[in-house]
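The values are calculated or read from the model by the stated rules, or taken from the named source; none is laboratory data. Note that the coordinates shown come from a computational prediction; the quantities given were computed from them, not determined experimentally. We place every Cβ from the backbone using ideal geometry, glycine too, and count neighbours over all the protein chains shown.
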Amino acid sequence: MISFEHALSKLLFLANRIDVEEVNLEEAYSRVLANEAIASRDQPPFDASSMDGYALKKIDKLPNKKLLVVGKVAAGKSFKGTIKKGEAVRILTGAPVPSGANSILIQEDAEELDNFIKIRQKVEKNDFIRKKGCDYKAGKILLKKGKILRSFDIALLASMNLPLLKVTRRPRVSIISTGDELVAPGNLPKKNQIVASNTYGLKALLNKWGATSHILPIARDNKTSLEKALDLAVPADLVITIGGASVGDHDYVSEVFNKIKVKHSFYKVAMRPGKPILAGKNNSTIFVGLPGNPVSALVCAHLFLKPLIGKMLGTNELNNIEKKGLLQNDLPKNAVRKHFMRAFLKNGQLAVSKKQDSSLLSVLQKANALVIRQPNEPSAKKGDLITYIELD
Ligand code: AMP
Ligand code: MG
């Protein structure tokens, strides 16, 4: 049995960033940027008016002053001439500031006469000009490689005139449930059967983290059935089996991994939930055997598969970040395995669930954090600062 930290580093060691593909900006949301995005142009590319009004020389912006209106410029147009002292040009928001002008008189501060304007008694001092490059300058790295693209990133990339983006291909994941007792949701379970659940939660998590995953038919508790399912699973970047990973009579996963030439990386981790977890690699496909209990499977997915998918995608945004919060209830001394306890985090306070059995999905469903207890950690009291990670 190895420590959680050792297992995680061994697992991440198996992964490389997978290949890059080009996507349309409109399809780029939530994808991982594969190279840095550099501005090729200043934004805005010219000094622009930020208001509707009149462009003029700042020295002319005086109460009661009368100015001759010599033209008009709207967004997308340009004023050909140069503004002289005593002149103004009607200007609309987003239009380039005419040459010779260095201030905008907002419309509300102008009294409009025939060919003239008269500046009102009280006048705004502000110039209302967006300077060329005030948003960003040409040559600046605006987005780093490895960024998971959010809506605002997409808007920024669009403004940079980048209609096609290089992103990491989504890792392809195959998920296999194992067990004679399992039926897929939608079937009528017999009295001694249960409905497979963790596969569905796992698929949702993996897809949220940026993979495309699919659930294969349930493998039964015999080697042939599992081998058949694994045959369907490859090619994939990652194959995940659930259940059958302990040492019971019906636990074949480790043996079948060996048979299909998966080079084992580790088997069994000193953690709760989820001791029976194993991983290995065959060619470029990583194999992970998760424990069958729903909570164990989903907690292990969070702890191991989230950063693994992150490494495959070339981003560190999927690493679990340890934070500190205030404990709301007393906790007993921890045993020898590192314990990830289901908890509910609200306003920096962590209520650790009383029930920590690894089969209890209804408890996991309410949890939004895992409180982390180190091996043999002494008891903790309400009000203590405690380490946790957030759950998706
Ligand atoms: P195993 O690791 O195969 O011994 O499974 C441990 C427990 O998890 C057993 O009670 C199984 O019935 C249950 N289990 C295994 N796979 C699933 C699954 N896909 N969905 C829900 N429960 C499961
Ligand atoms: Mg089983």
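For region 290-324, name all the residues that are hydrophobic (A, V, I, L, M, F, W, C) and without any contact (Cβ under 8 Å) to a residue 40 or more places away in the chain.
Answer for region 290-324, where residues must be hydrophobic (A, V, I, L, M, F, W, C) and without any contact (Cβ under 8 Å) to a residue 40 or more places away in the chain: just 300.
So, of the residues in region 244-266 that are out of contact with any helix residue (DSSP H, G or I) (no Cβ under 8 Å at 6 or more places or on another chain) and in contact (Cβ under 8 Å) with a residue 40 or more places away in the chain, which turns out to be nearest to residue 202 (Cα to Cα)?
Ranking the qualifying residues of region 244-266, first place goes to 246.
Could you say which residue among 190, 166, 208 is more than 13 Å from ligand 1 (Cβ to nearest atom) and either closer than 20 Å to residue 299 by Cβ or among the small types (Gly, Ala, Ser) (or both)?
Testing whether each residue is more than 13 Å from ligand 1 (Cβ to nearest atom) and either closer than 20 Å to residue 299 by Cβ or among the small types (Gly, Ala, Ser) (or both) leaves just 208.
Could you tell me which numbered condition residue 285 fails, if it satisfies all but one of (1) without any contact (Cβ under 8 Å) to a residue 60 or more places away in the chain; (2) away from ligand 2 (no atom under 16 Å from the Cβ); (3) more than 26 Å from the chain's Cα centre (by Cα)?
Here residue 285 clears every test but (3).
For region 228-272: of the residues being assigned to a helix (DSSP H, G or I) and away from ligand 2 (no atom under 16 Å from the Cβ), which is surrounded by the most Cβ atoms within 10 Å (Cβ to Cβ)?
Among those that are assigned to a helix (DSSP H, G or I) and away from ligand 2 (no atom under 16 Å from the Cβ), it is 233.
I'm trying to understand the selection: among the residues of region 273-282, which are in contact with a helix residue (DSSP H, G or I) (Cβ under 7 Å, 6 or more places away or on another chain), within 16 Å of ligand 2 (Cβ to nearest atom) and either assigned to a loop (DSSP other than H, G, I, E, B) or more than 13 Å from residue 244 (Cα to Cα) (or both)?
Within region 273-282, 273, 274, 277 meet the criteria.
State which residue pairs qualify: first residue away from ligand 2 (no atom under 15 Å from the Cβ) and inside region 178-195, second residue polar (S, T, N, Q) and assigned to a loop (DSSP other than H, G, I, E, B) in any location, beta carbons under 8 Å apart, and separation of 6 or more residues or different chains.
185/197
Output the residues belonging to region 336-361 that are under 15 Å from residue 297 (Cα atoms) and either in contact with a helix residue (DSSP H, G or I) (Cβ under 7 Å, 6 or more places away or on another chain) or at pLDDT 95 or above (or both).
339, 340, 341, 342, 358, 359, 360, 361
Any idea which of 186, 201 is modelled with pLDDT of 95 or more and part of a helix (DSSP H, G or I)?
201
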